[in-house]
Amino acid sequence: MCRIFGSLSAAPARPDPAELAAVSSRQRHGGPDEHRVLSGPGWSLGCDRLAVTDPRGGSQPYR
């Protein structure tokens, strides 16, 4: 099963990459095949993907 995580903030600063990495490491067992984070001012969205049916495609999160 894939795992998603993210953060939202009223402040325009980008989320702390170290904090996002810590959250991801706690759930990596549920999606060890791919790790990706997208972020912008005040938001981030990440996914730890388990590639069961499509190991070469299906990158998450979608842009």
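The set of residues from the stretch 5-22 being hydroxyl-bearing (Ser, Thr, Tyr) and in a strand (DSSP E or B) comprises just one member, SER7. For the stretch 37-63, a tally of residues being at pLDDT below 70, of a type outside the set (Asp, Glu) and more than 19 Å from LEU8 (Cβ to Cβ) returns 6.
Note on the stretch 23-40: residues that are open to solvent by 50 Å² or more (accessible area, probe 1.4 Å) and not in a strand (DSSP E or B) amount to 7.
The values are calculated or read from the model by the stated rules, or taken from the named source; none is laboratory data. Note that the structure is predicted; figures quoted are calculated from it, not measured. Every residue, glycine among them, receives a Cβ derived from its backbone with ideal geometry; neighbour counts consider all protein chains shown. Only protein heavy atoms, including side chains, enter the accessible area calculation; ligands, DNA and RNA are left aside. Shrake-Rupley method; radii C 1.70, N 1.55, O 1.52, S 1.80 Å.
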